[in-house]
Every structure is written in structure tokens, then in C-alpha cells.
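Here is the structure we will look at.
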Amino acid sequence: MPLPQQNEHFENGDFQGYRTYGICQVAKCFTAFHEIHTFSPVSGSYFAVLDDPRSIDGDGARTAEAAGYPPADTGAWRITPDADGRTTLGKDGAILECRSVRITPGQALWFHWAFLRFDWSPANDFAVFAAYADDKVDQPSTYQAILAQSLELERQNRWYTDWQAFSWRPQTPFSGTLRWIASNGISTSIPLPRPGADARPSALLLDCITIE
Ligand SMILES: [Ca+2]
């Protein structure tokens, strides 16, 4: 069975067929900031949660427990211009990866996602989907879409998006690696690293990853 249908909708209750970097979990529910909303799966019993906004101390820094499971380096990702017209630098986060995926013309990759922010300006945590032809993940992505920026939600006085459907329909046959990235980040007028980019991680929820 081709990937990612091997573990459709994460109903195996694990990440079989995927690789994870940083803190990722398969969950039955997940709660937004200050418990204002609890997410359930789009279908079935499970969905994926990238990064862990709750494992922080009073200053927003990742706790020792989280440090025992180090976050992924997301420093390769940046957004210019970001939602505030500046540059957002990725710092750390979590990545879900599916390798050796084939999508033929006429097919589309579908997934459902939701983004929950646990941080505020000048932080700009974000979520990205990226595809890498021939599994060349060390080279620029073949296709990339920014799913969410926490600054956009903050402007709307929102702490989370609803579940949303995303589709990608390659124009030419695709064979390679898919990645979903939840990144801690900070918006800066001088595109240089500055303190606080690794505080208060946000979360990306994923469900129903299919090719049809
Ligand atoms: Ca953050």
C-alpha cells in the first residue's frame, strides 16, 4: 500500500509510515490556549500533534522534561515578509515526514490541519508544508506553502484556527518527501536571531493525510 495510506488518518495510533523530529504525538484530543477549545479528530479516533506547547516553565522556556526530547531545528525556515511586514526566523519545533511518496498527475494530496498559537508578538510561530522531489531534503523544497502564522491569528484576536482542508495537486509526477513543520519563530526588523524565538512553542494538528 503506498504511503501515506499505510497508516490512514493515524488510526494505527502511532506514526507508522512516518518519521518525526522533535516532540510529536498521536492524540485523541488536544486543547487550545487557556482551554478555550478542545479539538477532536476530523475522522476516526486519532490525529497528530506537532510540538508540545505545554512543556514550558513560567518564562515560556521549554522545561527540562521537554529538553530530554530535544526539539527539531527549524532554523532553515524563514518568512519574508511576514504578517507584520518584517522577517520571521524559525528557531525550533517539530517535523512530521513521509518519504518515498508518489503523486501522479490527476491525483492530489489532501490533509486537514489546524494551528494553535500559545505565543504573541513579537513572536511569530508558524506552520509550513513542504515537498522535496527525489527525497532531497537538504535542497530547496520543490513546493512549499505557509499554512499559518501566529501573528495573523493575533491580529484577529484568535488563538487557533478551525480544522481546514489543504490540497496539493502537482502538475508533473512527484516522487519524494513530504514534510509538515511546526516552528517556533520571531518577527524581526533586522533579520538576525534575537532572544525569545524558542519560547512558548505553538502546535500544528494534522489528520486525514491521503492521496486520491
Ligand atoms: Ca513561540
Where residues in the stretch 185-198 are near the ligand (Cβ under 10 Å from one of its atoms) and at pLDDT below 95, which of them is surrounded by the fewest Cβ atoms within 10 Å (Cβ to Cβ)? 196
I'm trying to understand the selection: among the residues of the stretch 121-147, which are touching a Lys or Arg at 6+ places or on another chain (Cβ under 8 Å) and under 24 Å from residue 38 (Cβ atoms)? 123, 125
Which one of the conditions (1) more than 13 Å from the ligand (Cβ to nearest atom); (2) surrounded by 12 or more Cβ atoms within 10 Å (Cβ to Cβ) does residue 182 fail to meet, given that it meets all the rest? (1)
Could you check, for the stretch 151-168, whether at least one of its residues is assigned to a loop (DSSP other than H, G, I, E, B), among the aromatic types (Phe, Trp, Tyr) and more than 16 Å from residue 97 (Cα to Cα)? yes
Filter the stretch 35-78 down to the residues that are in contact with a strand residue (DSSP E or B) (Cβ under 8 Å, 6 or more places away or on another chain) and not in a loop (DSSP other than H, G, I, E, B) and list them by number. 38, 39, 47, 48, 49, 50, 56, 62, 66, 72, 73, 78
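Name the residue, out of 27, 72, 64, 94, that is of a type in the set (A, V, I, L, M) and without any contact (Cβ under 8 Å) to a residue 12 or more places away in the chain.
Only one candidate passes the filter, namely 64.
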For the stretch 18-62, give me each residue that is modelled with pLDDT of 95 or more and acidic (Asp, Glu). 51
Return the residues of the stretch 8-17 that are out of contact with any helix residue (DSSP H, G or I) (no Cβ under 7 Å at 6 or more places or on another chain) and at pLDDT 85 or above; say none if nothing qualifies. 9, 10, 11, 12, 13, 14, 15
From the list 167, 175, which residue is among the polar types (S, T, N, Q), exposed (fewer than 15 other Cβ atoms within 10 Å of the Cβ) and touching a residue at least 60 places away in the same chain (Cβ under 8 Å)? 175
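The values are calculated or read from the model by the stated rules, or taken from the named source; none is laboratory data. Bear in mind the structure is a predicted one, so any value in this text is a computation, not a measurement. Cβ coordinates were reconstructed from backbone atoms using ideal geometry, including for glycine residues, and neighbour counts include every protein chain displayed.
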